[in-house]
Amino acid sequence: MINCKTMGKSFDIGLERLTGTGVPAIDAIQEGGVPVGNDAQGKKPPLQDGFATIRASTEQKNRTLKPEGCGTQAAEGATFYLETFGCQMNDHDSEKVAGVLLGRGYQQVETPEAAKVILYNTCSIREKAAQKVFSRLGELRPAEERSGEWRVTSGELGAEAREAQARVSFGSQGKPVLQKNAQPGMAVPREANHPSLRKIVNAAGGKIIGVLGCVAQQEGEEIFERAPWVSLVCGSASYRKLPQLIAELEAGNRRVTGLDTDTDETFETEITRRDNPWRAYLTIIEGCDKACSYCVVPFTRGPERSRASASILEEVRRLAESGYSEVQLLGQTVNSYADPSMRKMRFSELLAAVAEVSGIRRVRFTTSHPRDFGKDIVEVIEAHPNICDHVHLPVQSGSTTVLRAMARTYSREEYLEKIALMKAARRPISITTDMIVGFPGETEKDFEETLALLDEVQYDSVFAFKYSPRPNTPSLKMADAIPEEEKGRRLAILMDRQREIQRAQNEKLVGETFEVLVDGKSRRDNQWSGHTSSNRVMNFTSPERELLGDYVQVKVVSAMPNSLVGEMVGRA
Ligand code: SAM
Ligand code: SF4
């Protein structure tokens with residue numbers, strides 16, 4: 001049962017498991033991917049040939065508790081389409097956004113065509129990612145505008161737009177003139193540019209189109225200029241306002257924004273609709289107070305704000321009770337967590353407390369910032385076998401000169417001290433990282449130092465990106481930009497080098513046996529896939545008929561740069 005009194009403050013509800021009941025639907029085929037790192041817009045797990053990821057079907061996603069009597073409800077038959085770009089934090093934000101809408105009585109649909117509300121949760125970390133959103137919005141451009149004129153229709157106009165329709169007409173120059181006799185069906189020259197007209201055009205489509213997340217925060221109301229058919233712009237720092245913004249749209253308001261970053265609140269919802277039946281994401285810290293000179297996150301996600309430890313632990317307990325066995329704590333700098341409650345738990349203490357929740361078999365956390373990574377985190381991993389033996393510790397560059405220009409707050413040597421802490425741990429810890437190549441001023445020597453760092457650390461995986469100049473960031477004005485072609489050359493060299501490191505690392509594991517959480521099934525008989533505690537992808541054979549969601553023991557028989565191949569030898 002949902003306790004309405006707690007809305008927006010805690011998760012004090014009977015959180016229904018939306019997925020994982022029965023055999024989950026397989027609806028996303030993974031394709032062979034770039035073996036190490038990529039320059040795509042976000043981090044996604046490595047891809048495997050011929051396997052399928054497990055996601056909730058739309059039907060399963062929609063099977064949620066509706067918070068009876070909690071605020072307004074959507075009209076009968078209201079539907080939404082939600083597409084997410086970017087990182088795991090965006091994925092998880094979308095799970096919460098979906099929860100907000102499902103709680104209001106909306107049903108999720110698979111295509112924008114079938115939806116009443118179309119939402120894009122966007123990423124602006126690199127330029128390519130931001131561009132993608134505008135190309136999606138272009139696809140939604142109303143036919144009237146594409147054909148060079150807008151047509152006033154009576155469609156499903158809200159009260160405000162109806163009033164505007166009665167007041168707008170157009171003079172001989174095509175300029176809007178306020179009159180009382182505008183009629184539905186009236187053709188409107190495309191260059192007509194009047195706020196009331198825009199409201200009519202938006203309403204005429206009959207759909208609510210919204211841009212959420214980092215592009216929304218970065219571009220703000222400019223989005224309305226570039227795509228007047230958009231009616232909602234809400235940045236990730238303002239998600240707590242989302243229910244209110246949606247209510248305003250439902251009431252007929254045609255343009256609403258949530259662009260505030262001045263907040264100390266985190267985005268908590270009464271329902272989170274989770275996509276993965278076994279692994280639950282939990283944001284424990286939002287925003288970022290670091291000021292890396294290339295990065296838009298502090299502008300788009302606002303200041304760092306942590307969630308109270310008691311609220312986090314309560315949610316973990318509820319997740320365990322509803323069958324989730326793996327939790328992943330999320331934050332742009334997850335280990336900078338600062339408990340705002342009287343308990344003042346350190347990040348490592350919180351990790352231990354999460355690991356001690358009954359039923360939790362795996363605890364992951366990402367992304368750690370090297371500055372706040374200390375011995376206490378390694379010790380807590382050593383002390384709790386269910387804290388996964390994997391740390392993602394982005395370095396960005398192997399050159400102290402470039403790290404300084406990036407304002408990363410550590411030198412190459414200081415970073416290597418953190419690596420040494422992990423290498424000295426009592427059980428092997430898998431280490432992965434992010435790298436940027438072609439930062440302004442990066443010399444061939446700096447780049448060589450980055451390659452040498454790969455050799456020294458022997459990472460298990462690297463996400464490598466070409467530097468992308470971003471608005472408002474200090475590095476935008478830095479001298480000595482590296483040409484695109486040269487960035488591409490460096491990226492290719494780095495990826496080749498790392499691919500060989502991974503191949504060698506993985507080959508050392510042949511003959512060993514690992515616990516695997518099974519999360520994929522091939523179309524071929526007897527072929528399964530899953531993840532080890534170190535987050536390696538394991539493709540394996542087993543004659544068993546049903547393994548999804550199970551923990552099994554798999555012996556490695558061969559290795560590739562991006563995955564292991566094994567055979568099941570028992571249950572875990
Ligand atoms: N907070 C994390 C950290 O400090 O490492 C990283 C978060 S960011 C969303 C993910 C990665 O995107 C970064 O580690 C960095 O490698 C990459 N990135 C961020 N800004 C970039 C830019 N302007 N150009 C290229 N890559 C960028
Ligand atoms: Fe961006 Fe740096 Fe913050 Fe990471 S730590 S989100 S790279 S500003």
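Net length available on complete extension from Glu113 to Asn526 is 144.9 nm, with 0.36 nm assigned per residue and the Cα-Cα distance removed.
Computed from the C-alpha gyration tensor, the three semi-axes of the ellipsoid equivalent to the range 504-572 are 18, 12, 11 Å, from longest to shortest. R0 = 45 Å: FRET efficiency of Glu76 with Glu567, Cβ-based, nearest 0.05? The value I calculate is 0.30.
Based on Cα contacts under 8 Å between residues 6+ apart, the range 242-379 shows a relative contact order of 23 percent.
Considering only the Cα atoms of the range 239-323, their convex hull presents on average a projected area of 7.6 nm². Our estimate of slack between Ala492 and Arg240, defined as 0.36 nm per intervening residue step minus the Cα-Cα distance, is 86.6 nm. Take the Cα of Asn472, go 7 Å toward its beta carbon, and the backbone nitrogen atoms of the range 218-251 under 18 Å from that spot belong to 218-226, 233-241. The Cα-based radius of gyration of the range 331-418, divided by its Kirkwood radius, gives an Rg/Rh of 1.02.
Checking every one of the GluC sites (Glu not before Pro) in the range 337-393 against DSSP loop status and a limit of 15 other Cβ atoms within 10 Å picks out Glu356. For the residue pairs Lys132/Lys477; Lys423/Lys466; Lys521/Lys555; Lys128/Lys477; Lys375/Lys555; Lys290/Lys375, the alpha carbons lie more than 23 Å apart in Lys132/Lys477; Lys423/Lys466; Lys375/Lys555. Calculated FRET efficiency, Asp376 to Arg404, Cβ-Cβ distance, R0 = 30 Å: about 0.65 to the nearest 0.05. Cβ crowding within 10 Å, taken as a proxy for footprinting-reagent exposure, orders Lys132, Lys487 from fewest neighbours to most as Lys132, Lys487.
Over the range 75-146, Cα pairs under 8 Å with separation of 6+ residues give a relative contact order of 39 percent. What whole-number distance in Å separates the alpha-carbon centres of the range 250-268 and the range 516-539? Rounded to whole Å, the Cα centres lie 40 Å apart.
When restricted to Cα atoms, the range 250-299 yields an Rg and a Dmax of 15.7, 42 Å, respectively. For the peptides 416-423, 228-235, the ranking by packing is 228-235, 416-423, with the highest mean count of neighbouring Cβ atoms within 10 Å listed first. Give the Debye-formula value of log10 I(q)/I(0) at each listed q (0.17 Å⁻¹), with one equal scatterer per alpha carbon of the range 437-480, two decimals each. Evaluating at q = 0.17 Å⁻¹ gives log10 I(q)/I(0) of -0.59. Per residue and in cubic angstrom, what volume does the convex hull of the Cα atoms of the range 454-547 have? Spread over its residues, the Cα hull of the range 454-547 gives 183 Å³ apiece. Would you please calculate the Kirkwood hydrodynamic radius of the range 394-511 over all C-alpha pairs and express it in Å, rounded to one decimal? That comes to 15.0 Å for the range 394-511.
The value of relative contact order for the range 295-370, using C-alpha pairs under 8 Å at least six residues apart, is 39 percent. Stokes-Einstein, applied to the Kirkwood radius of the range 276-316 over Cα pairs at a viscosity of 0.692 mPa s and 37 °C, places its translational diffusion at 275 µm² s⁻¹.
With neighbours defined as other Cβ atoms within 10 Å of a residue's Cβ, the residues Cys292, Cys214, Cys123 order from fewest to most as Cys292, Cys123, Cys214. Compared with the direct C-alpha span, the chain from Asp262 to Arg427 gains 55.2 nm at full extension, assuming 0.36 nm per residue.
Bear in mind these aren't lab numbers, they're just calculated from the coordinates by the rules spelled out. In this text, all values refer to a predicted model and were calculated from it rather than measured experimentally. Reconstructed Cβ throughout: ideal geometry from the backbone, glycine too, with neighbour counts over all protein chains shown.
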